[in-house]
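As structure tokens, the structure follows; a few thoughts come after it.
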Amino acid sequence: MSHKGRAILLFTIVAAFSVLIFGGAKINEHKPPIPDRVVTSTGEVVMTGEDIHQGQLQYLSRGGQQTGSIWGHGAYLAPDWSADALHRTGLAAAGLAAGRAPADAAAFTQGELEALPAGERGRVDAEVAAELRQNRYDAATGTLTLSPGQAAAFPALVAYYTKLFGEGSDAMSIPKGFVADPKDARAITAFFFWTAWSAGTNRPGETFSYTANFPYDPLVGNRPLPSSLVWSIVSVVLLILGTFAAIYFYLRLRGRDHEEPAKLAPLAEPNPTPSQRAALPYFLVAIVLFILQAALGSVTGHFAVEGNKLFGIEIGQLLPYAATRGWHLQLAVFWIATCWLATGLFIGPAVSGHEPKGQKALVYTLLGALVVVVVGALAGTYFGVRGKLSGPNGWLIGHQGYEYIELGRVWQLALIGGMLLWLALVYRAVKPALAAEKDKGGLTHLLLYASVTIPLFYSVGLFYTPGTHIAVADYWRWWVVHLWVENFFEVFATVALAFILARIGAVGQKSALRATYFSILLYLGSGIIGTFHHLYFTGSPLFITALGATFSALEIVPLTLLGFEVYENLKLARSGPNAQPWKWPLYFFVAVAFWNAVGAGVLGFLINPPIVLYYAQGLNTTPIHSHGALFGVYGFLAIALMLFSMRNIVRKDAWNDGLLKGAFWGLNGGLAGMIVFSLLPAGIYQFAIGIEKGLWYARSPEVTGSAFIHAVTWARVVPDVVFLGGAVLLLTFVVRAIAKDAALRRADAAGERAAVRRAA
């Protein structure tokens, strides 16, 4: 790669992070204020800022984003609490506008509202919107004065949520006694009420709320902003232009590679180093965690049809929905990261041909540490959901409350420590190759740089706590979930793949390096600022929407090139006798490219434009993308990297293509079935209802517990079984390969000892 190309990449990364950090500073500056006191018009104190703070801590410690959602972020079964509290407040204000006495206003129902004559309904709606959208917060004194409707609504909300969390709800999969202490329930209500106030009250000097009028609710005057439509159109135009440019430059790069024709080298009998063989247990642990994650996904989905029961058996108390969903998400990160870390441990000695002293023992030490972290994190989140670790410091070993980063802070720090140890192990192994590679931008150096980003960007999760303002916490959280998972793990995988393909003769070193730089430029150039597309409606200023919409569209651009990659990998997998040993590892890379284009690309862009996400955020439209992208891309990539590593570790006779064939089609067929027969219909159904009535209703038990949602949830049973069957075949392959490889090596060792005795 030329110095000019590297300079362009470095400038792009620095510029993108500058924009991202600037945006974060503005989010912090313009976040919705938390009042010191909330009072009625007569001066009576209704709640304090400390009540709101304690409510946030209580909510997060009990599972937080695994129990309903706030501002559209979280689980999809219970209500979006912001939308729910906002609409209930709107109904109380409507009751007053319709002539109800203040004591009875909060009992005004949606049915009564809809029964009003058209003219009266229009007057009531207009009065409700005018009342609730007026910002009565005094920044000088830190005091929020409630409107009559808000003052009437709050006591009713306290009574409703206290009863709901105390008695539980099968329709929402909330177990009885989920929050038993009325004081805790009142604090949680204060937090919900504040998030609803932020969503329905205009920013000072503006005509839209702190959350850009999200969620949609005509009763309170929440409607999409014109800018959402404008930037959605811009994003589509940029996608078309960007795709054209990317294909043009991609074909130009391919044209330069004719001097390096690819030719797969024959597979020699593997002769791994001790530390490379020590990576095998990582893969076994990873696939066991994968099967557990998949099983928990099926159980979590089943809550939508039987509430707190599983085929008639009450499980809500022992195994709450918030626990199974939290485990399902955590295990996805754990098993995928384990495969990728093990691949790094394999590649290190493969790059340099050097086995550092004591490397094997350190590799096993790291595995033991990772197992402790996984068990501790899962236990901590479980006891957090059960309310056993809900005190002010419970989050240190319990539940932090945010999706994908649920694990307690102690386990989070331990995991970062494990990643640092892994980085040290990779560096020890590649150190001789680094010294031999004079080019500081060569593939070996890129591998080291990419490895550094793994612990570095996961560490950003330390920049907030459960007590941090939720708008700021969500900003940092998406640094981990988006940047760490979707960008820098992608960079590491790209570099690792370049090494693997170069090693088997699929590409030349020069071609691999050039393609790697091009991929990194596309992923980071769009993906860093594209982080903002998660923050449209989380209390951010409007320019965040503009940046998020445009750059998230550009994130799709590199994914449109994956059709070429599918073709090239398929051609490679069928390119003669030397390709046979690599057929199924290459097929799993084909799956990565396919799901990258479909799951991350098509299904991602389906919800990324602001005008779409305004109606779709918090609905089952998001799991369509997340399943297709998280497992379809990163899960299949983890399996592909595992198989390429194992192909170079286990003996040829320990390999079984039949098991891999069954695993490949089972996993792909099961995933496609989940999306087509269950997630997609459920998402479209809720989306249509959300456009008509609002998020509050689309997430209500009337919709999530409807016959249609039940039917499409039951439709997941067959795809789930097919998917789990593929996972079991994959586990069988890994167990068989490890066991047979060990047996073959023992037999060889015994034969060598016998030969020595005969010679003696």
Q: State which residue pairs qualify: first residue of a type in the set (Val, Ile, Thr) and inside region 180-208, second residue not in a helix (DSSP H, G or I) in any location, beta carbons under 6 Å apart, and separation of 6 or more residues or different chains.
A: Thr195/Ile70; Thr201/Asn135; Thr201/Ser209
Q. Looking at (1) closer than 30 Å to Ser69 by Cβ; (2) out of contact with any Gly (no Cβ under 9 Å at 6 or more places or on another chain), can you tell me which one Gly348 breaks?
A. (1)
Q. Across region 228-249, which residue is surrounded by the fewest Cβ atoms within 10 Å (Cβ to Cβ) among those that are modelled with pLDDT of 80 or more and of a type in the set (Gly, Ala, Ser)?
A. Ala245
(Q) I'm trying to understand the selection: among the residues of region 450-490, which are over 28 Å from Pro541 (Cβ atoms), open to solvent by 10 Å² or more (accessible area, probe 1.4 Å) and in contact with a Leu (Cβ under 8 Å, 6 or more places away or on another chain)? (A) Val452
Q: Considering only residues that are out of contact with any Phe, Trp or Tyr (no Cβ under 9 Å at 6 or more places or on another chain) and among the small types (Gly, Ala, Ser), look in region 460-503 and name the one that is modelled with the lowest pLDDT.
A: Ala502
Q.
Restricting to region 372-384, name every residue that is of a type outside the set (Gly, Ala, Ser) and surrounded by 15 or more Cβ atoms within 10 Å (Cβ to Cβ).
A. Val373, Val374, Leu378, Thr381, Tyr382, Phe383
Q: Return yes when Glu127 is open to solvent by 60 Å² or more (accessible area, probe 1.4 Å), at pLDDT 95 or above and within 25 Å of Thr211 (Cβ to Cβ) and no when it is not.
A: yes
(Q) Against the definition (assigned to a helix (DSSP H, G or I) and touching a Lys or Arg at 6+ places or on another chain (Cβ under 9 Å)), how does Gly122 come out, yes or no? (A) no
Q | Failed item, numbered, when Gly348 is tested on (1) within 22 Å of Glu486 (Cβ to Cβ); (2) modelled with pLDDT under 90 | A | (1)
Q: Please go through region 685-700 and pick out each residue that is among the aliphatic types (A, V, I, L, M) and touching a residue at least 40 places away in the same chain (Cβ under 8 Å).
A: Ile691, Leu695, Ala698
Q. What do you reckon, is Ala180 modelled with pLDDT under 95 and open to solvent by 20 Å² or more (accessible area, probe 1.4 Å)?
A. yes
Q. Within region 428-440, can one find any residue that is more than 26 Å from the chain's Cα centre (by Cα) and surrounded by 22 or more Cβ atoms within 10 Å (Cβ to Cβ)?
A. yes
Q.
The conditions are (1) of a type outside the set (Gly, Ala, Ser); (2) surrounded by 14 or more Cβ atoms within 10 Å (Cβ to Cβ); (3) in a loop (DSSP other than H, G, I, E, B), and Leu60 fails exactly one of them. Which is it?
A. (3)
**Q.** Members of region 738-760 found to be among the β-branched types (Val, Ile, Thr) and surrounded by fewer than 17 Cβ atoms within 10 Å (Cβ to Cβ), listed by number
**A.** Val756
Q: Identify, by number, the condition in (1) more than 29 Å from Ala546 (Cα to Cα); (2) more than 26 Å from the chain's Cα centre (by Cα) that Ile8 doesn't meet.
A: (1)
Q. Here are some residues: Val718, Val735. Which one is free of Cβ contacts under 8 Å to residues at least 60 places away in the same chain, under 30 Å from Val285 (Cα atoms), open to solvent by 50 Å² or more (accessible area, probe 1.4 Å) and more than 23 Å from the chain's Cα centre (by Cα)?
A. Val718
Q: Could you tell me whether Ser390 is among the polar types (S, T, N, Q) and surrounded by 19 or more Cβ atoms within 10 Å (Cβ to Cβ)?
A: yes
Q | Considering residues of region 324-347 that are within 14 Å of Ala295 (Cβ to Cβ) and free of Cβ contacts under 8 Å to residues at least 60 places away in the same chain only, the residue most open to solvent (accessible area, probe 1.4 Å) | A | Trp327
Q) Is there a residue being modelled with pLDDT of 85 or more, assigned to a helix (DSSP H, G or I), closer than 30 Å to Leu513 by Cα and open to solvent by 30 Å² or more (accessible area, probe 1.4 Å) anywhere in region 300-323? A) no
Q: Of the conditions (1) in contact (Cβ under 8 Å) with a residue 12 or more places away in the chain; (2) of a type outside the set (Val, Ile, Thr); (3) open to solvent by 10 Å² or more (accessible area, probe 1.4 Å); (4) closer than 18 Å to Leu729 by Cβ, Gly658 clears all except one; give me its number.
A: (1)
**Q.** Test result for Val590, at pLDDT below 80 and among the aliphatic types (A, V, I, L, M)
**A.** no
(Q) Please go through region 176-197 and give me each residue that is in contact with a Ser or Thr (Cβ under 6 Å, 6 or more places away or on another chain) and not aliphatic (A, V, I, L, M), ordered by number. (A) Pro182, Thr195
Q. Of the residues Ser69, Ser41, which single one is open to solvent by less than 70 Å² (accessible area, probe 1.4 Å) and among the polar types (S, T, N, Q)?
A. Ser69
Q: Determine which member of the set Gly441, Gly467 is farther than 25 Å from Thr195 by Cβ and part of a loop (DSSP other than H, G, I, E, B).
A: Gly441
Q.
Against the definition (touching a Gly at 6+ places or on another chain (Cβ under 8 Å) and not polar (S, T, N, Q)), how does Gly391 come out, yes or no?
A. no
Q) of a type in the set (S, T, N, Q), modelled with pLDDT of 90 or more, touching a helix residue (DSSP H, G or I) at 6+ places or on another chain (Cβ under 8 Å) and open to solvent by less than 10 Å² (accessible area, probe 1.4 Å) - does that describe any residue in region 643-654? A) yes
Q: Name every residue in region 608-628 that is open to solvent by less than 10 Å² (accessible area, probe 1.4 Å) and of a type in the set (A, V, I, L, M), in order of residue number.
A: Ala616, Leu619, Ile624
Q. In the set Phe532, Phe551, which member is modelled with pLDDT of 85 or more, in a helix (DSSP H, G or I) and open to solvent by 30 Å² or more (accessible area, probe 1.4 Å)?
A. Phe551
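Conditions tested, residue by residue: (1) closer than 30 Å to Gly166 by Cβ; (2) within 16 Å of the chain's Cα centre (by Cα); (3) among the hydroxyl-bearing types (Ser, Thr, Tyr).
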position: Leu280; (1), (2), (3): no, no, no
position: Ala286; (1), (2), (3): no, no, no
position: Leu292; (1), (2), (3): no, no, no
position: Gly297; (1), (2), (3): yes, yes, no
position: Gly316; (1), (2), (3): yes, no, no
position: Leu319; (1), (2), (3): yes, no, no
position: Phe334; (1), (2), (3): no, yes, no
position: Cys339; (1), (2), (3): no, no, no
Q.
Can you report the number of residues in region 25-57 which are assigned to a strand (DSSP E or B) and in contact with a His (Cβ under 9 Å, 6 or more places away or on another chain)?
A. 0
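The values are calculated or read from the model by the stated rules, or taken from the named source; none is laboratory data. All figures in this text were calculated on a predicted structure; none of them were measured in a lab. Note that each Cβ is placed from the backbone with ideal geometry, even for glycine, and that neighbours are counted across all protein chains shown. When the accessible area is computed, the model is the full protein with side chains, heavy atoms only, and any ligands, DNA or RNA have been set aside. Shrake-Rupley method; radii C 1.70, N 1.55, O 1.52, S 1.80 Å.
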